[in-house]
Amino acid sequence: MDDVLIVGAGPVGLMLACELGLSGVRPIVLEKRTEPSEQPRANGLGGQIIELLDHRGLLERFSEGSPFAGRAPGFPFGSVPLRFDGLDDIPLRLLLIQQPRVERLLAERAIELGAEIRRGCEVVSLAQDTEGVTLGLADGQVRRARYVVGCDGGRSLLRELAGIDFPGTTDDHVLRLGHFSTDGVADPFKPLELAGLEPGWNRTPRGRVLLTSLQHGVLIAGVREKGEPQDGPVTIEDFHAAVRRVLGRELPLGEPIWLSSTAAQARLAERYQAGRVFLAGDAAHLFPAGGSALNVGMTDAANLGWKLAAALHGRAPEGLLGTYEAERRPAAERALVQTRAQAALDRLDDEDGAALRELLAEVFAYEQPARHLATLLHGSDGRYGSAPHPLVGHFVPDLALKDGRRLAELMRAGRPVLLDLGGGAELDGAALDGSELDGSELGGRAEVGGGWIDVVSARADDPPADALLIRPDGYVAWAGSSGMPEAVSAWFTPSPA
Ligand SMILES: Cc1cc2nc3c(=O)[nH]c(=O)nc-3n(C[C@H](O)[C@H](O)[C@H](O)COP(=O)(O)OP(=O)(O)OC[C@H]3O[C@@H](n4cnc5c(N)ncnc54)[C@H](O)[C@@H]3O)c2cc1C
């Protein structure tokens with residue numbers, strides 16, 4: 001029997017494979033496509049996932065060649081401009097990177113860490129019992145594993161086979177999106193400006209036309225109008241016809257690289273777990289506005305990875321696997337709130353809508369609303385659980401340590417970290433589930449109930465707490481100077497058999 005079968009080698013399945021690999025589990029990823037997808041869906045990553053890539057030492061690889069990587073200067077919130085000028089301490093960072101590159105880098109890393117990616121393997125059936133899950137493949141093969149994770153996208157068959165509903169709404173507008181080659185064109189916007197259009201969204205009484213460019217040599221054009229996504233592939237004639245319907249004239253768009261048609265959906269799985277089957281990424285949630293899906297989906301993977309590994313290694317406290325849904329479903333609910341709000345703002349094509357957007361643009365220019373929206377878009381407005389110390393349940397802030405390292409560097413191995421920042425009241429001599437943690441062990445690794453915690457002593461200016469206990473996914477499990485042994489038991493000590 002395999003330990004974990006992941007269905008789907010999209011960004012979320014591959015991220016999960018990396019996280020499991022880091023925790024010493026060798027998952028098998030079953031992917032129905034025979035070749036990696038070259039569909040240029042997402043153009044970038046934004047939010048907390050960027051800090052997590054930094055924790056894993058991957059940010060440099062991901063940023064290489066990116067046209068933009070850094071603090072977000074602003075965000076088109078439902079086509080209302082939101083600017084972060086002068087707000088240097090907001091957490092929201094953006095990284096422009098094409099989805100096929102994200103998938104390529106994650107696949108490389110997953111393989112480095114021992115995962116196996118099997119392409120051409122389409123899952124068609126699922127059955128489970130108390131010991132494991134059996135998957136049937138289209139070619140007649142059968143595979144069995146202790147856990148299965150459906151990372152098989154918005155139309156997830158795993159979700160259906162596990163009997164999990166996916167309630168929500170589908171927009172009654174269709175968006176036709178196209179990437180067009182502008183190689184050899186000096187100023188790709190020139191002909192469009194001559195046609196009287198602005199970069200960004202252009203509204204007409206019949207819909208909207210999007211024109212933008214996020215990478216050299218590629219113009220992105222979109223046409224949104226009332227209607228349903230078309231069956232079958234979108235041809236260049238379909239695209240030009242949609243432009244004519246909405247704009248009333250032709251556009252000089254150049255050679256198409258990729259064309260698609262979709263309707264935005266807002267959906268959330270009723271459960272993220274059915275027995276030994278879990279859902280993550282688009283299989284669990286679909287957001288009706290751009291920019292949040294990969295952040296939420298890849299963070300799901302980081303949340304689930306170490307917990308599954310702990311269960312497989314026999315070091316999971318009771319209820320640990322249940323915290324995946326308890327933590328990640330509310331995070332998706334918050335992302336649904338802000339993306340639904342963006343979709344609603346975007347959709348109002350009449351004069352009332354224009355007035356609402358104008359007024360909101362004025363409100364967004366104030367510092368507090370801008371900060372609030374930056375935190376929402378970042379995915380850090382919520383908190384896992386509640387505890388007296390304000391850091392607990394939040395992603396750990398990066399700290400410059402006096403020994404020259406950053407806190408993020410302590411998280412490379414994907415293990416829990418107990419960081420003594422100098423207050424250490426209860427750390428020296430504190431019992432970690434029977435194994436004494438004394439001064440001599442600081443800087444080493446503490447064995448806790450058959451597991452491990454990296455124990456690091458470091459100093460920092462203005463430390464946010466005397467000490468921090470950080471989960472492998474970067475969230476603070478405990479902070480302060482007392483109560484640490486209880487937090488260790490709650491998160492990292494297996495329940496007695
Ligand atoms: C036009 C467009 C633009 C977007 N832009 C952004 C953006 O800028 N930022 C952002 O964050 N998100 C964006 N998104 C959303 C983003 O692309 C998705 O959220 C992301 O792909 C979800 O990843 P996933 O791994 O959950 O699912 P997918 O990427 O859908 O991967 C699922 C995988 O499962 C495989 N699979 C499915 N069924 C089976 C089966 N039965 N057996 C085996 N394998 C199976 C599929 O072949 C696929 O490879 C955009 C989406 C679109 C369409």
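State all residues of the stretch 242-297 that are part of a helix (DSSP H, G or I) and within 13 Å of the ligand (Cβ to nearest atom); if no residue qualifies, say none. Answer for the stretch 242-297, where residues must be part of a helix (DSSP H, G or I) and within 13 Å of the ligand (Cβ to nearest atom): G281, D282, A283, A293, L294, N295, V296, G297. For the residues L399, L469, L442, the requirement of being at pLDDT below 90 and under 26 Å from S23 (Cα atoms) singles out L442. Per this entry, P229 is counted among residues that are open to solvent by 40 Å² or more (accessible area, probe 1.4 Å), within 13 Å of the ligand (Cβ to nearest atom) and without any contact (Cβ under 8 Å) to a residue 60 or more places away in the chain. Does I50 qualify as being touching a helix residue (DSSP H, G or I) at 6+ places or on another chain (Cβ under 8 Å) and either within 14 Å of the ligand (Cβ to nearest atom) or not polar (S, T, N, Q) (or both)? So I50 fits the description; yes. Need pairs with beta-carbon distance below 7 Å; first residue at pLDDT below 95 and within the stretch 271-287, second within 9 Å of the ligand (Cβ to nearest atom); sequence gap 6+ or separate chains. Once the first residue is at pLDDT below 95 and sits in the stretch 271-287, no partner that is within 9 Å of the ligand (Cβ to nearest atom) comes close enough.
Yes/no per residue for (1) on the phi > 0 side of the Ramachandran plot; (2) hydrophobic (A, V, I, L, M, F, W, C); (3) not assigned by TED's automatic domain parsing to the domain that holds R415:
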{"residue": "V25", "(1), (2), (3)": "no, yes, yes"}
{"residue": "T34", "(1), (2), (3)": "no, no, yes"}
{"residue": "N43", "(1), (2), (3)": "no, no, yes"}
{"residue": "G47", "(1), (2), (3)": "yes, no, yes"}
{"residue": "R56", "(1), (2), (3)": "no, no, yes"}
{"residue": "F68", "(1), (2), (3)": "no, yes, yes"}
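Please determine, by comparing only the residues of the stretch 106-132 that are aliphatic (A, V, I, L, M) and away from the ligand (no atom under 14 Å from the Cβ), which one is farthest from E64 (Cα to Cα). Step by step, filter the stretch 106-132, then rank; the result is A127.
Within the stretch 121-137, residues that are outside the structural domain of Y147 (by TED's automatic domain parsing) have Cβ atoms under 6 Å from residues that are charged (D, E, K, R) and crowded, with 18+ Cβ neighbours inside 10 Å in no pair, counting only partners at least 6 apart in sequence or on another chain. Residue-level analysis places R334 among those that are open to solvent by 40 Å² or more (accessible area, probe 1.4 Å), in contact with an Asp or Glu (Cβ under 8 Å, 6 or more places away or on another chain) and at negative phi.
Here G153, G140, G57 are screened, and the one residue that is within 10 Å of the ligand (Cβ to nearest atom), in a loop (DSSP other than H, G, I, E, B) and surrounded by fewer than 20 Cβ atoms within 10 Å (Cβ to Cβ) is G153. The set of residues from the stretch 472-484 being modelled with pLDDT under 90 and either over 26 Å from Y324 (Cβ atoms) or among the hydroxyl-bearing types (S, T, Y) (or both) comprises S481, S482.
The values are calculated or read from the model by the stated rules, or taken from the named source; none is laboratory data. Note that the structure is a prediction, hence the values are computed from the model and not measured. Glycine also receives a Cβ, built like all others from the backbone with ideal geometry; neighbour counts cover every protein chain displayed. Surface accessibility is based on the protein's heavy atoms, side chains included, excluding ligands, DNA and RNA. Shrake-Rupley method; radii C 1.70, N 1.55, O 1.52, S 1.80 Å.
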